[in-house]
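S.K.: Just passing along the structure, written as structure tokens.
The values are calculated or read from the model by the stated rules, or taken from the named source; none is laboratory data. Quick caveat: nothing in here was measured; it's all calculated off a predicted structure. Cβ sites come from the backbone with ideal geometry, for glycine too, and all protein chains shown count toward neighbours. Surface areas here come from the heavy atoms of the whole protein model, side chains and all, with no ligands, DNA or RNA. Shrake-Rupley method; radii C 1.70, N 1.55, O 1.52, S 1.80 Å.
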Amino acid sequence: MILIKLGGSIITNKEKPVSPRKKTIENLSKSLRKINEPVIIVHGGGSYGHYWSVKYDMHTKEKRYDPKGVATVKNSMIELNKVILDSLLKNKLNPYCLPPTDFMSGNKPITKKIKEIAKIANSDLIPVTYGDALWYGQKKTYILSGDKIMTHLAKILKPRLCIFALNEDGLYSDLKTKKLIYELQGERPSISENKMDVTGGMTRKVEEASKIAKMGISVFFVNGNKPERIVKAVKNRIFEGTLFRGKRIV
Ligand code: IP8
């Protein structure tokens, strides 16, 4: 099984509020069609969820946020999710939409529900979930990042590989020269960016990727504008991007 996170910066135009990158999404769908293995997709918020989270000052911390903000963020994520689902369906993949409320209770994943996601993925359906605003309890809510969802799913489902599709070639050791880090084996890279978003941008991704690699599962950061690189990684184990090598064989 393969887990794929489609980052918000790849599926939306981050410079323009509420705008999907339809052509890129379409190209990603076309490439995913070439993978003959169970796949689970998680997507981020980009200029949908993040745009509204900023507007309503909502973050990953559990707090009593403006209910209108909560409703607006959730609504916008449904809208973006629909664009992804439509593209997958059009390309003869069979998306099975799973809002994170299906398998999260507060900030805890529901193991039984997550195991069910594996069964869905093994039935010619592609479970699709996404980062969202979630109920925590006592009138509090929080923003759950799709990156965190990747860690929750990886821990329980132990996929062969986790892929993060980014709007960059991978992780750079030097942002100015864009020198790519090809492979990491347990070490935690120091990164100098950051175009921060409400869930922590690249810093959050590296944090979650390191956690997953520690579980023994390899994580691959790849440029989502070059979706053939995703196919090559899955089919031929050729990694044109940054590989966080886990102990288990990819
Ligand atoms: O883009 C956050 O998901 P992420 C989604 O994966 C929202 O961090 C609602 C901002």
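S.K.: Quick check on the range 20-30: of everything there that is in contact (Cβ under 8 Å) with a residue 24 or more places away in the chain and open to solvent by 10 Å² or more (accessible area, probe 1.4 Å), which residue is nearest to Ser123 (Cα to Cα)?
M.R.: Initial filter on the range 20-30 (in contact (Cβ under 8 Å) with a residue 24 or more places away in the chain): 20, 22, 24-30.
Restricting the remaining residues to those that are open to solvent by 10 Å² or more (accessible area, probe 1.4 Å) gives 20, 22, 24, 26-27, 30.
Numbers: Pro20: 29, Lys22: 27, Thr24: 26, Glu26: 23, Asn27: 24, Lys30: 20 Å.
Among those that are in contact (Cβ under 8 Å) with a residue 24 or more places away in the chain and open to solvent by 10 Å² or more (accessible area, probe 1.4 Å), it is Lys30.
S.K.: Let me ask you something else. Quick one: which helices (runs of 4 or more DSSP H) sit completely within the range 6-57 and have at least 3 residues that are within 14 Å of the ligand (Cβ to nearest atom)? Walk me through how you get there before you give the answer.
M.R.: On the way: elements: 8-11, 22-32, 46-55.
Here the list reads 8-11, 46-55.
S.K.: How many residues are within 16 Å of the ligand (Cβ to nearest atom) and either buried (at least 18 other Cβ atoms within 10 Å of the Cβ) or of a type in the set (Ser, Thr, Tyr) (or both) if we restrict to the range 84-106?
M.R.: Final tally of qualifying residues: 6.
S.K.: Select from the range 33-48 the residues that are open to solvent by less than 70 Å² (accessible area, probe 1.4 Å) and closer than 19 Å to Ile4 by Cα and list them in ascending order. It would help to see each step written out before you state the result.
M.R.: Start the filter on the range 33-48 by keeping residues that are open to solvent by less than 70 Å² (accessible area, probe 1.4 Å), which leaves 35, 37-48.
Selection gives Ile35, Glu37, Pro38, Val39, Ile40, Ile41, Val42, His43, Gly44, Gly45, Gly46.
S.K.: Among the residues of the range 122-160, which ones are among the small types (Gly, Ala, Ser), touching a Gly at 6+ places or on another chain (Cβ under 7 Å) and within 16 Å of the ligand (Cβ to nearest atom)?
M.R.: The first filter runs over the range 122-160 and keeps only residues among the small types (Gly, Ala, Ser), leaving 123, 131, 133, 137, 145-146, 154.
Add one more test, that the residue is touching a Gly at 6+ places or on another chain (Cβ under 7 Å), and what stays is 131, 137, 145-146.
Matches in the range 122-160: Gly131, Ser145, Gly146.
S.K.: While we're on this one: Please name all residue pairs, on different chains or six or more residues apart, with Cβ atoms under 9 Å, provided the first residue is in the range 139-159 and is of a type in the set (Phe, Trp, Tyr) and the second residue is open to solvent by less than 10 Å² (accessible area, probe 1.4 Å) and within 13 Å of the ligand (Cβ to nearest atom).
M.R.: Tyr142/Met58; Tyr142/Ala133; Tyr142/Leu134
S.K.: Out of the range 192-221, which residues are away from the ligand (no atom under 16 Å from the Cβ), at pLDDT 90 or above and touching a Leu at 6+ places or on another chain (Cβ under 8 Å)?
M.R.: Pass one, the range 192-221, residues away from the ligand (no atom under 16 Å from the Cβ): 192, 210, 213-218, 220.
Next, from what is left, pick out any that are at pLDDT 90 or above: 210, 213-218, 220.
Of everything in the range 192-221, those that are away from the ligand (no atom under 16 Å from the Cβ), at pLDDT 90 or above and touching a Leu at 6+ places or on another chain (Cβ under 8 Å) turn out to be Ala213, Ile217, Ser218, Phe220.
S.K.: So Ser145 clears everything in (1) buried (at least 22 other Cβ atoms within 10 Å of the Cβ); (2) in contact with a strand residue (DSSP E or B) (Cβ under 9 Å, 6 or more places away or on another chain) except one condition, right? Which one?
M.R.: Failing condition for Ser145: (2).
S.K.: Only residues in the range 172-185 that are at pLDDT below 85 count as the first member; pair them with residues that are open to solvent by less than 70 Å² (accessible area, probe 1.4 Å) and not in a strand (DSSP E or B), Cβ under 7 angstrom, at least 6 apart or cross-chain, and list the lot.
M.R.: Cβ pairs passing all conditions: Leu175/Glu193.
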